[in-house]
Structure formats: structure tokens, C-alpha cells
1. Do the conditions hold for Val380, that is, is it in a strand (DSSP E or B), touching a strand residue (DSSP E or B) at 6+ places or on another chain (Cβ under 8 Å), closer than 19 Å to Ala274 by Cα and β-branched (Val, Ile, Thr)?
2. Restricting attention to the stretch 9-43, which residues are surrounded by 20 or more Cβ atoms within 10 Å (Cβ to Cβ) and assigned to a helix (DSSP H, G or I)?
3. Count, please, the residues in the stretch 151-203 that happen to be hydroxyl-bearing (Ser, Thr, Tyr) and surrounded by 18 or more Cβ atoms within 10 Å (Cβ to Cβ).
4. Name the residues in the stretch 233-277 that are surrounded by fewer than 20 Cβ atoms within 10 Å (Cβ to Cβ), touching a helix residue (DSSP H, G or I) at 6+ places or on another chain (Cβ under 7 Å) and small (Gly, Ala, Ser), would you?
5. Quick one: in the stretch 334-371, of everything that is assigned to a loop (DSSP other than H, G, I, E, B) and hydroxyl-bearing (Ser, Thr, Tyr), which residue is modelled with the lowest pLDDT?
6. Just to be sure I understand, how many residues within the stretch 445-459 are touching a residue at least 24 places away in the same chain (Cβ under 8 Å) and in a helix (DSSP H, G or I)?
7. Looking at Asp164, Asp160, Asp176, which one is of a type in the set (Asp, Glu), within 20 Å of Thr83 (Cβ to Cβ) and within 26 Å of the chain's Cα centre (by Cα)?
8. Tell me whether the stretch 265-274 contains one or more residues that are closer than 28 Å to Thr312 by Cβ and hydroxyl-bearing (Ser, Thr, Tyr).
Amino acid sequence: MSATLGTLLKELQPSWRIEVYERLGEAAQESSNPWNNAGTGHAALCELNYMPEVPGGKLTADKAVSINEQFQISRQLWAHLVTTGALPEPENFINSTPHMTFVRGKANVAYLRERHEVLKNQPLFAGMEFSDDPAVIGRWTPLITKKRPSGQKIAATRSDLGTDVDFGALTRFMFDNLAKHDVEVKMNRQVTNLKQNADGTWRINLLQQVGQTRSTVNARFVFVGAGGGGLALLQKSGIPEIKGFGGFPISGQFLRTTNPDLVAQHQAKVYGKAGVGAPPMSVPHLDTRIVDGEMSLLFGPYAGFSPKFLKTSTWFDLPFSIRPHNLGPMLAVARHNFDLMKYLVGEVFASRKAKLKALQEFVPTAKMADWELITAGQRVQVMKKDAAKGGILQMGTEVITSADGSIAGLLGASPGASTAAPIMVDLLARCFPDRIAGWEPKIRAMIPSHGTRLSDDPAAAAASLATTAEVLHLTA
């Protein structure tokens, strides 16, 4: 998010002085690190949580289409940056990877068939296939059907428009480009406090991790793109807009294999259905990953609980985040999400045998000897006030902006990095209302569909998909 915002601002206002402060020794080592996330270019091609079942009602594509529209904005920005040389060859950060959905059981098969019927005529979902034939699904991805019990009802959808994205590499490339254009990107600098001055600017207190040197800097505008650390910094800023917000941390693990025989049999990202009480980010999926040119498979995530808000932070993050104004909403969330608590407790104490069983639901022939367990990044879900329930757990991203637009920050998780471009463009409009009109022509030059909906114009959708696919070397 920070790299994207910095990139946009440097294009729109090249004379502005921009500084970036990163508490670790290298950029993108928390949520954006390729092994801390699944690398899915979230476009709702395979993720069922964007089209939940409605008891007694019809499925609607609205949320799925909205997510896909947002991802197309990111694709267009990345294509622009590749064209101008700001990003290197696209294979270094994005690769075509079919997106599939896989379900078992009569009811789930019926649901997936209906989902496909709703989506197949949407311009941004063109070419999506459906099958309940094990032979067809086996041709799509052999690992899933090999030695699966005969007679088991299964179904899958497949879209060639899917992508695998190395968000860590993408982030580093954008920061490297910013550094070439007079943006100071400073590592090992922790922001310890923020306070607004009388003139509306912000005084930022910094601690240099090496040598423990302290310093301050004044800024006219601040963006807090600190992942799980964002809540604490926004609370320190004292802006009233952060009141009532809390964070619910969810940890996770993945199983990973580099066994070439297994990797060769699975070229896709395959998402299933979440278990009862499971958060959307814990939907089981078996993914092809391409990191530093090497291909592997990733399965998970296995959710868990840790009071940390970052992998590299303190066990006191959760208790230190509690304030009088967010205690009520947090207690209400706990009261209304018993199934989630039960699910997380079960995941925390799940044995290796239980983890293998979950993998075997996707890969019946899986053997634990072929897989290694790795720790994923921390995800901090938004908890906030709700008039009806007192507090709700929000599964998504939320931008917090001060009334004067001088400071903004991001809370939440998925779809996260996939939708960084549209979220940051929206932030520009919120924080710089007096400048956005003058920036519009440059924004449209970077993002041709800005201000429109591709889904309303099939020809425009097809043209955008084809153009960005050509530049990014993707399947059209």
C-alpha cells in the first residue's frame, strides 16, 4: 500500500518530497513477503466468500464483480509501470496461474453450478468453465482427483485469467524505483509517536534501530501503511476517527512442497469452502507459487491465534491496543463470534495428523514427508462499533482518514495488496480534494478505466484484459 501510494504521488506531484520509514532492515518482510501470504491476485475468480450462499435467496455477483473491477485497476497500474520502465520484466512479480474452485458434496456442487451460471456472462469472468466430471477436473489438475473415492460428488470451476503475484518483489521494485527518483527510503527506522502540530503538520518521532538514535521529522501528510502495526500508530496520533476500532489478530501456517513430481501435477490456485466459523482468509486452498523464478505448491492456511499484530512484534500488541472507546465493540465481537473462537482453538491444537487430513481432502495421495510447515504472516481483522450488535468483525480493508485529510492509515486484511491501486486512488481523493480534479488526466493515463466500470462495457473489459495481458505477459 505504501509503495503504491508513493508511486502514485511521485507520478502526480514529482516535486513533492517523500520519505519512507521502515522498521525492519528490508522492505516487504511482513504481510507482503511472498511466504507470508498466498500470492493470489484476488479477482473473485475462485474465492467463494465473495459470493456467499443466501438461504432462500438468489446468488448475486455484485461483490465478486466489485473485487474483480478493483483488481483490474491494479493490473492497469502495473502495466503502466512496466511500460514506463518503473517495474522490471513482469515475470519477476506476476505470472498467469489458472484460478479454480473445488467443492465436494451434492449441495456444494449445486451451489457452484449456480455460481458459475451467475458469473459466466459477466465480462470480467469471460471463459470461466464448470465441470462435475472427475475426468475433466483431473485434466485440469491431476493431484485433486488421483485416488479420490469413486462416487464422491465433486465439481470445479476454472478460469485462465487468474494470476500468482509475488507482492514482496513488487513492493521492493516500486521502492527501488522511488529511490531512483529522489524518494528517501529509510530502513531500520521505527515510528514511535505521531503528534499534530498547531499548524496542522505532523511531528513524527523516529528511533533508528541500529545505534538507538532518536530523531524527529515534520510532514504535511502522513500515510500509515504499517500492516498490523497500523492500529497502534493511528491510536497514538489521537485522531477521533480511530475511536471504536480494535484489531483481532489471526496467525496462520502453510504446508509447502518443492517436490518436482507434485509441482508438475498441479498448475493452478484451487480454493475450496471455509469450515464452520472459519474467517474468509482461512478458506483452504492449494496454490501454485512462483517466487524468485522457482515453482512450489502451498496448502493452507491453518489459522491460529496469537496476540501479536506483526510476526516481528510483541506478545502485548493485543492488550496494549485496548482503549475505553474500543473495549465495548471488542467484547461484543467476542460475544457474537463464538464459532470463530471455537474454530481458532481447534486450529491452534490441531496435530500434524489433522493438518495432513485437511490436505488430503484436496490431495488424497498426500504424504507429510513431501511437505514442510511454514509460518504465515499475521492478519489483523478490523473490529468496530455497530449500532445493532455493539461491535462487528469486518472481513476486509478499511481506510481511516482524519477530517482534515492530513493523515490516513489502513486497517484490515484480504483482499489487501491485490486492490492496493484502487484503494490508494480513493485515498488521494479523500485526502487531497483540492488537487484531485487536476490529477484526473494523469490518473487516467496510468489507469485507463479510472472513473468507469469495465463490467458495464463488454468491449472495454475485453480490451483492458487483452492490453494488460500483453504488457504483463499474461493469458488474455
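1. So Val380 passes the test.
2. Of everything in the stretch 9-43, just one residue is surrounded by 20 or more Cβ atoms within 10 Å (Cβ to Cβ) and assigned to a helix (DSSP H, G or I), namely Leu9.
3. Summing the residues that are hydroxyl-bearing (Ser, Thr, Tyr) and surrounded by 18 or more Cβ atoms within 10 Å (Cβ to Cβ) in the stretch 151-203 gives 4.
4. Correct list: Gly244, Ala274, Gly275, Gly277.
5. Residue satisfying both the conditions and the ranking: Ser351.
6. 5
7. When all the criteria are applied, what remains is Asp176.
8. Checked the stretch 265-274: no residue is closer than 28 Å to Thr312 by Cβ and hydroxyl-bearing (Ser, Thr, Tyr).
The values are calculated or read from the model by the stated rules, or taken from the named source; none is laboratory data. Keep in mind it's a predicted model, so treat the numbers as computed, not measured. A quick note on method: Cβ atoms are made from the backbone with ideal geometry, for glycine too, and the neighbour counts reach across all protein chains shown.
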